[in-house]
Amino acid sequence: MDIQITLRVDGVQAPLSVDTRTTLLDAMRDRLRNTSPKKGCDHGQCGACTVLLDGRRVNSCLVLAVTADGAEVTTSDGLAAGGQPHALHRSFVEYDAYQCGYCTPGQICSAAGVLAEAAQGWPSTVTEDLTAGTADLTDAEIRERMAGNLCRCAAYAHIVPAVAAVAGAQGVRR
Amino acid sequence: MREFRYERATDLAGAVATLAAAPDGAYLGGGTNLVDLMKLGVATPDVLVDVRELTSTAVEELPGGGLRIGAAVPNADLGADRRVRERYPVLAQALLSGASGQLRNRATTGGNLLQRTRCSYFTDVTKPCNKRAPGSGCGALQGAHRNHAVLGATIDGPDSPVTCIATHPSDMAVAMVALDAVVQVLGPDGERSIPIAGLHRLPGDDPSRDTTLRHGELITAIDLPPLPAGTVSRYRKSRDRASFAFALVSVAVAVALEDGVVADVRLALGGVAHKPWRAAAAEEALRGQPPTEAAVTAAARAELAAATPLPENGFKVPLAQNLLVRTLLDLTGASR
Ligand SMILES: Cc1cc2nc3c(=O)[nH]c(=O)nc-3n(C[C@H](O)[C@H](O)[C@H](O)COP(=O)(O)OP(=O)(O)OC[C@H]3O[C@@H](n4cnc5c(N)ncnc54)[C@H](O)[C@@H]3O)c2cc1C
Ligand code: SF4
Ligand code: FES
Ligand code: FES
């Protein structure tokens, strides 16, 4: 069954007729030709499809496109405002935080989500004092909070410092 | 995936009426479990009634000191809620230990409670499974069942239509069972309140039913009653890797001491049964006792006495006992 929706991806508004079964990931890649988010597992297990949906990181492979009607979607490409790389993009390059790069757009969006969540003081399962109002993105915190993003090339040892550098610059790492 | 009609209701009663009129329909929360199962062909709804933007996303104070959690509150927001962190740490810890940051952002409180088992025969439509295809048998009993139940299972041979050894996968629900949460439901016949211990069921003679909800019943909120003064609580989860994995066994413990003896104790186990397992026998054994290592160990043993371990999951029995003992001793040691 087709349904008429409007997707706003990376600032571009697109009216679209989609089969209700279409995921946000497939709508972006196959219909809007925005191939920044990647398909790894298609089951919420790898994080390659991570985008920011109304500012929150989610797995776009488990979001039905019809439920994102009118929402603001930002992919890793969209984080490069005006063609200028985001601080996370620069940091991933500087720390060599990838090999094949397939997981990278998902890692970048997830890291953007981690920074925003830390700025709001959200704890994680490795946070010692749950009642502390502020978050400190130690290496252990970054590993835990980025656990939803798998890297088949195992670039983790470089991803953690790449995220840590931006966290430090943004004041969410002491 | 089967074709389906997508519906958004303007009010709760409209959502309930729409689903009541669609015997093969389902509510849609965050979709992190349902959409996954639809892709696998395990769930085949012909109508989806989206309730994520319809049910409440608020966590509100209840008169008397409890909290009311709207069914659509995301798992991430609930785990980060200051009142939950301060008053119900066991619940915050359970939420934060589940899934990934991305999934917790999308998953709702109602959907989390009603997520289906991760049994790999249930999720593979080519395999026998009494839960997915009633009467087809249970592939897990003589297959891979390392993650399966050791308490309350129905074990009647692999071809029996009643056998099911599945576990309930939610972390959040284990903490809520320990906290005596109450589930608020709106159905075709009106509202009702279900003490959470009565929401999930054992497989009994009908493994196809996970819960006591009737078709069309919508979870609108979950109420947390206040805990007795001086209660300390903790969730501890053991799993195959440090993060982003379901529990092998987990424990939710809330305990209050008075004059050195256990005045109030609530214990629940995850990963051991078809429902979050309230450890009533262990609670009974502990009440009024000083929480010594001997008393706590005896209580944990009493709870697991009825266990029915299978060839691959026997490790869960000592694991559950040890988690109960360690967590109780750590908590009471710290609060003394
Ligand atoms: C890779 C992966 C790892 C995971 N790891 C964990 C883990 O470690 N621990 C853990 O606890 N969970 C884990 N999960 C499961 C996750 O927590 C659930 O998928 C999520 O909580 C379900 O919530 P939802 O809102 O997305 O539900 P949905 O998928 O939308 O719905 C689930 C069920 O609930 C019904 N439903 C939804 N809302 C309502 C309502 N208000 N009233 C009545 N019925 C309703 C739906 O019809 C459906 O049957 C994991 C999931 C994935 C994909
Ligand atoms: S354990 Fe239950 S869910 Fe798993 S195959 Fe057997 S009947 Fe199905
Ligand atoms: S493609 Fe979405 S999580 Fe793997
Ligand atoms: S860089 Fe290759 S998968 Fe991560």
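The values are calculated or read from the model by the stated rules, or taken from the named source; none is laboratory data. This is a predicted model, so every value here is computed, not measured. So basically every Cβ, Gly included, is an ideal-geometry build from the backbone, and we count neighbours across all protein chains shown. Accessible surface is based on the protein model in full, side chains and every heavy atom, while ligands, DNA and RNA are left aside. Shrake-Rupley method; radii C 1.70, N 1.55, O 1.52, S 1.80 Å.
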Inset, instruction - Among DSSP beta bridges lying fully in the protein assembly as shown, give the percent that are antiparallel, nearest 5. - result: 85
Inset, instruction - Would you mind giving the mean number of other chain beta-carbons within 10 Å of the Cβ of each residue in A:48-60, as a whole number? - result: 4
Legend entry - Average other protein chain Cβ within 10 Å of Cβ, residues B:58-67: 0
Inset, instruction - Using Cα centres only, tell me the gap between segment B:17-31 and segment B:228-292 in whole Å. - result: 35
Inset, instruction - Starting from the Cα gyration tensor of segment A:2-79, take the square roots of the eigenvalues, sort them a ≥ b ≥ c, and report rounded, prolate or oblate (rounded when a/c is under 1.5, otherwise prolate if a/b is larger than b/c, else oblate). - result: oblate
Inset, instruction - With r as the distance between the Cβ atoms of A:Cys100 and B:Ser56 and R0 = 45 Å, compute the FRET efficiency 1/(1 + (r/R0)^6) and round to 0.05. - result: 0.55
Legend entry - Amide H partners (placed H, <5 Å) of B:Leu67, local residues excluded: B:Leu62, B:Leu224
Legend entry - Rounded percent of accessible protein surface that carbon and sulfur make up, segment A:87-169, 1.4 Å probe: 55
Inset, instruction - Tell me what chain B gives for mean residue ellipticity at 222 nm when only DSSP H runs of n ≥ 4 count, each as -39,500 (n - 2.57), the sum divided by the residue total, rounded to 500 deg cm²/dmol. - result: -7500 deg cm²/dmol
Legend entry - Rounded to whole Hz, the Karplus (6.51, -1.76, 1.60) HN-Hα couplings of segment A:70-78, x for glycine and proline: x, 7, 9, 10, 10, 9, 4, 4, x
Inset, instruction - Determine, for each peptide in B:60-70, A:65-75, the mean count of other beta carbons within 10 angstrom over its residues, then list the peptides with the highest first. - result: A:65-75, B:60-70
Inset, instruction - Under 16 Å Cα to Cα from A:Lys39, which lysines show up? Leave out anything in the same chain fewer than 8 places away. - result: B:Lys39
Inset, instruction - Treat each spin label as a single point 7 Å out from the Cα along the C-beta direction, and report the B:Ala242 to A:Ser17 distance in nm. - result: 5.2
Inset, instruction - Could I have the simple spin-label model distance between B:Ser120 and B:Glu3, label points 7 Å from Cα toward Cβ, reported in nm to one decimal? - result: 3.5
Inset, instruction - Skip the ligands, DNA and RNA, and give the accessible area per residue of segment A:2-79 with a 1.4 Å probe, whole Å². - result: 36
Inset, instruction - May I ask you to evaluate 6.51 cos²θ - 1.76 cosθ + 1.60, the Karplus curve with θ = phi - 60°, for each residue of segment B:291-297 and list the ³J(HN,Hα) values in order in whole Hz, giving x for glycine and proline? - result: x, 7, 4, 5, 5, 5, 5
Inset, instruction - Can you bin segment B:236-332 into rounded, prolate or oblate? Criterion: square roots of the alpha carbon gyration tensor eigenvalues sorted a ≥ b ≥ c, rounded for a/c under 1.5, prolate for a/b above b/c, oblate for the rest. - result: prolate
Legend entry - Amide H contacts under 5 Å for B:Arg5, placed H, 5+ residues apart: B:Val47, B:Leu48
Inset, instruction - Pick out which of B:Val183, B:Val262, B:Val325 has the largest mean-square fluctuation in a Gaussian network model of chain B, springs linking Cα atoms closer than 10 Å. - result: B:Val262
Legend entry - Rel. contact order, % - alpha carbon contacts under 8 angstrom, at least six apart, chain B: 16
